[in-house]
Structure formats: C-alpha cells, structure tokens
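Heads up: the structure comes next, in structure tokens.
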Amino acid sequence: MTNGFPPGFTWGAATASYQVEGAVSVDGRGPSIWDTFAHTPGTIADGATGDVADDHYHRFAEDLRLLADLGLKAYRFSIAWPRIIPSGSTVTNPAGLAFYRRLAETCLEYGVTPYATLYHWDLPQPLEDAGGWLVRDTAERFRDYAAVTHAALSDVVKNWMTLNEPWCSAFLGYGSGEHAPGRTVGADALKAAHHLLLGHGLALEAIRCPEGSYGIALNPAPIHAASDSAADRDAARRVDGLRNRLFLEPLLAGKYPADVLEDTGMTDWFAQFEADLPVIGAPLDFVGVNYYCPTTVAAPDGPISSPGEPTTQPGSENIVAVDTGLPKTQMGWPVQASGLRDILVSINKLAPDLPLYVTENGAAYPDELTADGTVEDHDRQAYLEQHIAVCRELVAEGLPLKGYFAWSLLDNFEWAFGFSRRFGIVYVDYASQQRIVKKSGRWLQEFLTS
Ligand code: FCB
C-alpha cells in the first residue's frame, strides 16, 4: 500500500498537445482549429497562442525525467492529429508518428507508462473547412487517423483514450464559441456532440485489440439545484442532461436521454441516427473522468430559453449558475472534493464493474515565483490533497478506481485564458522555458515516495 492506495494504482500527470508542444510548423505539422482560433484577434487573453507554449516538442525528455523524479509512473499526453495527418485525411506524415514514438519510448525508459489521448481538441483545419464536427465525414476521418496512429504505436502505447471532453469540443466550440472553431449555434453543439461520439465509436472499433486498454476521457460534473423548488430542480435536470447524460447514456447505456432531445427540440434530428448507437455504446475498458468542480444552477425569472444566443445550454439558455459561497480557484471554479465522489459513484452505478480513472484533476491559482526560486502553492497542494483523499476513500470502499492523473504536469496554454492561468505542479518560466517544481509537486513526490 502507498499511503492507503493499493500497489497497482496508477499515479500520473497529464498534458495536451496544443497546450504544451509548441513547434507548430515543425516536421510537417499542419494547422489545427486552435492555431486558427488563437491567431484570431480577440479570442485569447493577452492575444496568446500555442506557437511556442512549453516547447515540450523539443523538451519532452527533460519533462519526462522530471515527471519520473516526482515519483509518477504514468504520463497522459495527447497526440496532435495535424502532426499525423496534416490535411486531416489520407496522407500520413511519418515525422509526426516518429515524434510520438520517441515520446512513448522515452516514457518507457523512465519506467513511465504512456496513456495517449487521440483527440484533445486540435482538429486539422482542412476538416473544419469541410464542415468540422457538424458533418459525419469528420467522424470517419477520425477513425482513419486513429487506425493509422494505433497501428504505428501500439507496440509502445497500450493505454488509449479516443476523445478528451467531447462536451467542451461540442458546447464551447460550436455553441458558445469560447473555444475553437468559435461557432455559436446551440443546435450545432448537439450535432457536433453526436459526430464526436460517433467518431469515438468508429475509432474504438478500428483500434481495439486484446493487448490494449481503451477508453474515453469525459468531464462530467455534479449539477445541483439552487433550491428545492420545482423550477430549480428542472433547471438542474436540464443542465445535468446536457453536461452529463448526453454523453454517459449513449456510451454506457446505448441510448440518448429523451428529455434532453425534447428540451433542445432535437428529437427528430437524433432519430435518424439510431443505427449509430450500438457503435457509440460498444464496451469500454475504462472511463476517464476529468473533475474540477460542481455546478449549482437556478431557473431564470423569465423564459428558460432564448434561441439564437451563443450558448452552452441550447434550449435552456437562461438557466444561471449560482454562487453557493464555496472557496474558488482562480478560474472562479468552486472547490468541493465531495463532487468527485458524487460523479464517480454515479458513473459506477451506471456501469458497476467498469474501471474508472481520474484522468484530470487540479486547480489554477495565481502562483508567484519567489526571489529564492520557489513557488509556495499551498492552495493547489490542499486542493490535490482533498481530492486524492476522496479517491483513497472510494478505493477503500471497493469502487473500481484505478488511477489518478494530476492536471497538469506543467503550467501551459490554458485555451481562451492563454498563459494567464497556471495549473502545473511544475512552474514554467515562459521566457526562459525553465521548469521549477512547485511546492504541490514536492508534496506529491513526498506522498508517492515516502
Ligand atoms: C480541461 C481540459 C484541459 C485543461 C483543464 C484545466 O477541461 O481538458 O485541457 O484545460 O480543463
């Protein structure tokens, strides 16, 4: 037992390609929707882009040594589709595959198990130009890319996730426009969600083999009603439907939630795709949960819907998030570790024997590099301690929770927030690219190695 966890429990840290790699024009990489979006004025805080980010493309060996030194035994990274198939379809770029082979082999040299995510949001731009996740063809191209990548790397990478947080790709990318590609039609978010899920299912079908382990990383969150009133409870049902059940039910129960399709007026659109449900719902080896915070919602005073507005809540645009007075991170996200329990327990109820991983968990706080070169991030350490304690309890209770990945190994490009939010357990000085292990990282190291 390591501090109350069984010996086989996986301890890792996570990153994502566009957030850390940089080297956007190197070795044949093509542009992704995030390159285009980040270079569009007004999209990202301070006009930042991922052009350089952590320069992980050139510094991954140093970063992996650091990860191994911290006592971590697993690295969750994502593969950039535009490095492997720059145009999105047909022609494969050997230099892209070679990069991820070097990365995976370096993991193995350090005794670190690689966990690869095939899609952490960097869709090749040519595919967006052809309709993006609004068209079925993109799901098929994703299957082809997954097949090529898996065939080339499956001797060194055994643990695979298809998508990272399809809720974000669909609802922030196509509904509210806060993320690439920046589209703002509520119904489009639902269409994108279906094609993402279909892409997941098709990819899984194409890559599954007995030696590997295959899953998906979702970002479900507990949704609470602000009061016991019927209106607030209905608001919570609607938001829970969009955020959680729209993804969990097709994946784990082979159906779309009827109430969500009704709330959004999408029943007929989804009815055409009944035949996709068995593909989407094919058995998984695990589900990854990215958990940050719960949400509490209240019904609006007026009408619940305002069609036509940019939204993450199509059909329920006017439902509001309520501040319940919990402490918050720099993102404004309330801190409540028991929410991690709630969400893992609810998935376990839906799929009782399915192995679960926490594939992301962490917090942004305004870190300061002190004159003596340290970062005393007590708040982040406390956040990690509280959430890891919940994992320990759940494992002791017999929940099939198999691992925990801190988000993130490194401070990095936090999407629309650019470099203004730091989630790392390792501080990155962007000017010098120097890495400095924060107090939270030292604490984790001590926890894992003592
Ligand atoms: C998750 C993303 C990850 C990171 C964290 C803070 O939604 O998967 O890339 O941005 O949030």
Given a Förster distance of 41 angstrom, what is the FRET efficiency for Ser229 paired with Leu252, based on the Cβ-Cβ distance and rounded to 0.05? 0.85
With all protein chains in place and a 1.4 Å probe, Tyr145 shows an accessible area in Å² (nearest 10) of 0
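Between Ile436 and Met331, take the C-beta separation as r, use R0 = 30 Å, and let me know the FRET efficiency to the nearest 0.05.
For R0 = 30 Å, the calculated efficiency reads 0.85.
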Quick shape summary for the chain, equivalent ellipsoid via Cα gyration tensor, semi-axes whole Å in descending order, reads 30, 26, 23
The farthest towards the positive end of the charge dipole of the stretch 10-449, of the residues Ala298, His387, Phe270, given +1 on Cβ of Lys and Arg and -1 on Cβ of Asp and Glu, is His387
Over the stretch 10-449, what relative contact order in percent results from Cα pairs under 8 Å that are six or more residues apart? 17
Percent carbon-and-sulfur accessible area, the stretch 10-449, ignoring ligands, DNA and RNA, probe 1.4 Å: 52
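Under a point-charge model restricted to the Cβ atoms of Lys and Arg (+1) and Asp and Glu (-1), what is the dipole moment magnitude of the chain relative to its Cα centre, in debye to the nearest 20?
Roughly 800 debye for the chain.
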Modelled label-to-label distance, Ser213 and Val322, 7 Å Cα→beta-carbon offset: nm? 4.0
Lysines whose Cα lies under 25 Å from that of Lys438, excluding same-chain neighbours fewer than 8 positions away: Lys73, Lys328
Inter-label distance for Leu350 and Thr374, nm, one decimal - labels placed 7 Å from Cα along Cα-to-Cβ: 4.3
Using per-residue counts of other Cβ atoms within 10 Å, averaged over each peptide, order 355-363, 152-160 from highest down. 355-363, 152-160
For the stretch 10-44, list residues with backbone N below 13 Å from a point placed 7 Å from the Cα of Val52 toward its Cβ? 22-24
Take Glu140 and Ser450, extend 7 Å from each Cα along the Cα→Cβ direction, and tell me the distance between the two endpoints in nm. 5.7
Out of Tyr75, Trp121, Ser154 - ranked by how far each Cα lies towards the positive end of the dipole of the stretch 10-449, with unit charges on the beta-carbon of charged residues - the top one is Ser154
Send over a whole-number figure in Å² for the accessible area per residue of the stretch 310-433, probe 1.4 Å. 38
Considering only DSSP beta bridges where both residues belong to the chain, give the percentage that are antiparallel (nearest 5). 20
Which whole DSSP H helices in the chain pass both tests: a Cα extent of 30 Å or more along the axis and a mean Kyte-Doolittle value no lower than -1.0? 186-207
Residues listed by number, the stretch 363-398, amide nitrogen under 15 Å from Asp429 label point at 7 Å toward C-beta: 368-376
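The values are calculated or read from the model by the stated rules, or taken from the named source; none is laboratory data. Remember, it's a predicted structure, so these values are computed and weren't measured experimentally. Note that we place each Cβ from the backbone using ideal geometry, even for glycine, and neighbour counts take in every protein chain shown. Protein only, heavy atoms only, side chains kept; ligands, DNA and RNA dropped before computing areas. Shrake-Rupley method; radii C 1.70, N 1.55, O 1.52, S 1.80 Å.
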